[in-house]
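Below: the structure, in C-alpha cells.
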Amino acid sequence: MTLEIINGSPGHVDPCMDIALGLRTHFNDNAMEKMPVDLREHDLYVAEEDDGQVVGFLTVLRRSPDVGEVSWMGVRTDQWRRGIGTALLTKAAEDLASDGTSILMVHTLSDTVDYEPYEATRAFYDAMGFKHLETIDPYPGMAPGNPIAIYVKLLR
C-alpha cells in the first residue's frame, strides 16, 4: 500500500473520529467532544492509503502568523511504527514553514505523571526535534493534577 498525506476535508472527520475512538488511552471524553469541531476548523492533514482508507490524522491550529500548534494527532494502533506520524508532522511543518510560520508547538501530558501511553508520545516529539519549553499545572481549562508540558520546534 502507498501512503499519501493530503489536506483533509469535512468528509474525513468521521474516519478521523473512528481512529480517535481507538485511542481512548490518549483522548478523554472532553477531547472526544471537542475534537470533531477542531477537525473541521483547524488545518487537517490526513494519512490515506491508496485504497482511500484513513490511517492517521493531524490538525494544526494557527495561533498567529508565526506560531502553529499541533492540536490533535492520531494514528490507528495497528499502523504504529510505520512512519505515519512522522509523515504527517513533516508535511504540516513543511507547509507551515513555507507560509512563514517559524514555531510549531504541541501540548501533551507532562512526564511528571506516570502514565505509560504518553511516554511514547513524548518520545515521538523528542525524536521529531521538539524541545520541552515548560510544564504548567494547573493548565487553564484543565483540572489540577494534569500537568501539561509544552514542546516547541523551530521551523526556520
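The values are calculated or read from the model by the stated rules, or taken from the named source; none is laboratory data. All of these numbers come straight from a predicted model, not from anything done at the bench. Ideal geometry is used to build each Cβ from the backbone, glycine not excepted, and the neighbour counts take in all protein chains shown.
Kindly list, by first and then second residue, each pair from a residue in region 117-143 that is free of Cβ contacts under 8 Å to residues at least 60 places away in the same chain and polar (S, T, N, Q) to a residue that is surrounded by 11 or more Cβ atoms within 10 Å (Cβ to Cβ) and not in a loop (DSSP other than H, G, I, E, B), limited to pairs with Cβ atoms under 7 Å and residues at least 6 apart or on different chains. Matching pairs, first to second residue: Thr135/Ile148; Thr135/Ala149. Scanning region 8-35 for residues that are touching a Pro at 6+ places or on another chain (Cβ under 8 Å) and closer than 16 Å to Pro117 by Cα turns up Thr25, His26. Of (1) surrounded by 14 or more Cβ atoms within 10 Å (Cβ to Cβ); (2) without any contact (Cβ under 8 Å) to a residue 40 or more places away in the chain; (3) not in a strand (DSSP E or B), Val70 satisfies all except one. Which? Checking Val70 against (1) surrounded by 14 or more Cβ atoms within 10 Å (Cβ to Cβ); (2) without any contact (Cβ under 8 Å) to a residue 40 or more places away in the chain; (3) not in a strand (DSSP E or B), the one that fails is (3).
Screening region 23-75 for residues that are in contact with a helix residue (DSSP H, G or I) (Cβ under 6 Å, 6 or more places away or on another chain) and small (Gly, Ala, Ser) and picking the one that is nearest to Ser102 (Cα to Cα) gives Gly68.
The residues in region 111-148 that are surrounded by 10 or more Cβ atoms within 10 Å (Cβ to Cβ), part of a loop (DSSP other than H, G, I, E, B) and among the acidic types (Asp, Glu) can be counted, and the count is 2. Filtering region 44-64 to residues that are among the aliphatic types (A, V, I, L, M), within 14 Å of the chain's Cα centre (by Cα) and under 14 Å from His12 (Cβ atoms) leaves Leu44, Val46, Ala47, Val55, Leu58. Just wondering, is there one or more residues in region 4-17 that are hydroxyl-bearing (Ser, Thr, Tyr) and either touching a residue at least 40 places away in the same chain (Cβ under 8 Å) or outside any loop (DSSP other than H, G, I, E, B) (or both)? No, because not a single residue in region 4-17 is hydroxyl-bearing (Ser, Thr, Tyr) and either touching a residue at least 40 places away in the same chain (Cβ under 8 Å) or outside any loop (DSSP other than H, G, I, E, B) (or both). So, in region 23-39, of the ones that are under 14 Å from Arg76 (Cβ atoms) and surrounded by 15 or more Cβ atoms within 10 Å (Cβ to Cβ), which residue ends up modelled with the highest pLDDT? The selected residue is Leu23. Among residues of region 20-37 that are over 19 Å from Thr121 (Cα atoms), those with a Cβ under 8 angstrom from a residue that is surrounded by 11 or more Cβ atoms within 10 Å (Cβ to Cβ), sequence gap 6+ or separate chain, pair up as Pro36/Val13; Pro36/Met17. Taking residues in region 77-89 that are surrounded by fewer than 17 Cβ atoms within 10 Å (Cβ to Cβ), and partners anywhere that are not in a helix (DSSP H, G or I), the pairs with Cβ atoms closer than 6 Å and at least 6 places apart or on different chains are Thr77/Gly22. Evaluating Ser64 against the criteria (1) in contact (Cβ under 8 Å) with a residue 12 or more places away in the chain; (2) of a type in the set (S, T, N, Q); (3) part of a loop (DSSP other than H, G, I, E, B) leaves one unmet condition, (1).
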